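Since the structure comes first, as C-alpha cells, the remarks are kept for the end.
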Amino acid sequence: MRLSRPLVAAAVLAIAAAGTGTALATSPPRTAPAAHAAAAPTWSDDFNGPAGSAPDAGRWAHDIGGGGWGNQELEYYTDSTSNAALDGNGHLVITARRENPAGYGCWYGSCQYTSARLLTSGRFTQAYGRFEASIKIPRGQGMWPAFWMLGDNIGSVGWPNSGEIDVMENIGREPGTVHGSLHGPGYSGGNPLTGSYTLPNGAALADAFHTYAVDWTPDSVTFSIDGIQYERHTPADTNGNPWVFNHPFFILLNVAVGGTWPGSPDGSTSFPQQMVVDYVHVFSSGGGGSTGAITGYGGKCVDVQYSNTANGTPIQLWDCNGSGAQRWTFGTDGTIQALGKCMDVTAGSTANGAKVQLYDCNGTGAQQWRVSAAGDIVNPQSNRCLDATDWGSANGTRLQIWDCSGGANQKWQVPA
C-alpha cells in the first residue's frame, strides 16, 4: 500500500515463527489478448468452498492488529470469518464493518472498525511472471482496498528495501481510478514510482469485477486493468536507487479503512463494505528453452524473409507455414534464434522504429529479449517491444522495436 508501514516486518516474522513511474507515453491504450490464458497457473485460488468458510489456510495467513500499519489506518484486522470468508459462489469476501465486537484497542483508542488483511507469506512466493486477480472493490469515502505484494526478505532487510508492488489500490474519493506503484529504497512512502488509470464515462470500479494485473520481468514491471496497460517501470526510473524487484514476493489482499491517503469515512460512507475477489492467479514468464512458431498480429507468424541466412535478412510477418524460417528457439541466454542465427536489432539501435533482422549471434544487447506472461517480447537494452510496423498484418510487414503500448501489434504467442 502507498505509505510506509513499520508493523509489516513484525507481522511477517510472527507468521514465519508460527511455521507457516513513468506512465506509458503512447496512443490511447488498447486491450491486449491474454497470451497467458493457455498456460496453467503456477499458483491460484478460485475460492471454491462452502459459504461462510474461512479462506484456505494452506494458501493464506492473516495479519492481525490495529496499530495503524504505518498509515494511521482506523481498522482492526481480524482473522474472523465475519471479516474474511467464502460466499459459496466461488468468491472471497473481505468485509469492513463499523463495529468493535471484542473491545479491540487501536492506535487512537477504542477501535471503530474491523476488516481483514490476507497474505501468502510462508505459503507462496514467486519472482517474475504475471500476477492477476479479478476483484469488485468496495465504495465510499475512506475505503482503501488493495491487491499488492511484498518482498519475501522483508524480515531481514526491512521495508522499503524489500520492495513493494501495488497491483491495485483505490481510494474511495476517486471511485473510477486504479493506482499502481512500486516502492523501494529512495522511492517509497509518498514518493513511489506510480501511475493510474481512470475508467471512461464516469464509471466506478465498484460497479463490476475488473481484472488487475502486473507482468513482471527482471527488467520491468508493467501494470494493467482489464488488459489495458497503463504503466511500466524499469531500473532506469529509480534515479540511481537500487532496483529491488529481483527476488520472490508474496501476495496480500486487504481492505483498509481510513488513513493518511484516503482520509476517514464520513457521513456518506455506508457500512459494511465488501471487496469481492473472484480469483487470484499467478503465471510464470514463458519462452526460455522452447522451440516453435511465434504467432502475432493478424494470426501471422514471425518469419525470416525467403529463409535467407545472410546477415541483415529482414524479419517479418508471413502466413504460418511450418518452415524452418518460422521455427524459433528461445535460448536460456536471452536470445531468440532461427536458421542458426539470432533475432537482432539493426545496428544495435535503441530508437523507435529500429528494424529487426537476422544476424550472427554475438552476445550483444541488440540480441537480448525477454518474454512477459502478457505476450510482450521486450528488448531490455532499449526497453522497447517487438512491434509489427504501422499495425500491419500483411505478408511482408517488417518487425521493429517500439515503445511498449500494450497494443495487439505487440502481442505474441510463443512456444510453450
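The values are calculated or read from the model by the stated rules, or taken from the named source; none is laboratory data. Not measured: the values here are computed from a predicted model. When we count neighbours, we look across all protein chains shown, and the Cβ atoms used for this are built from the backbone with ideal geometry, even at glycine.
Observations on the model:
- Which numbered condition ASP403 fails, given (1) surrounded by fewer than 19 Cβ atoms within 10 Å (Cβ to Cβ); (2) closer than 30 Å to TRP43 by Cα; (3) touching a Lys or Arg at 6+ places or on another chain (Cβ under 8 Å): (2)
- Of the set (1) surrounded by fewer than 20 Cβ atoms within 10 Å (Cβ to Cβ); (2) touching a strand residue (DSSP E or B) at 6+ places or on another chain (Cβ under 6 Å); (3) of a type outside the set (A, V, I, L, M); (4) not assigned by TED's automatic domain parsing to the domain that holds CYS111, all apply to LYS300 but (1).
Rundown of residues vs (1) surrounded by 21 or more Cβ atoms within 10 Å (Cβ to Cβ); (2) at pLDDT 95 or above, yes/no style:
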site	(1), (2)
THR198	no, yes
ASP207	no, yes
GLN229	yes, no
PRO235	no, no
PRO265	yes, yes
PRO272	no, yes
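- Filter result (within 21 Å of ASP278 (Cα to Cα) and among the polar types (S, T, N, Q)) within the stretch 79-125: SER80, THR81, SER82, ASN83, ASN89, THR95, SER115, THR120, SER121, THR125
- Matching residues, the stretch 336-366, being surrounded by fewer than 16 Cβ atoms within 10 Å (Cβ to Cβ) and out of contact with any helix residue (DSSP H, G or I) (no Cβ under 9 Å at 6 or more places or on another chain): GLY340, ALA351, ASN352, ASP360, ASN362, GLY363
- Elements of type strands (runs of 3 or more DSSP E) in the stretch 115-234, at least 2 residues being hydrophobic (A, V, I, L, M, F, W, C) and touching a helix residue (DSSP H, G or I) at 6+ places or on another chain (Cβ under 7 Å): none
- Of the criteria (1) closer than 20 Å to GLY142 by Cα; (2) assigned to a loop (DSSP other than H, G, I, E, B), which one VAL93 fails: (2)
- All positions within the stretch 81-120 that are small (Gly, Ala, Ser) and surrounded by 22 or more Cβ atoms within 10 Å (Cβ to Cβ): ALA84, ALA85, ALA96, SER115, ALA116
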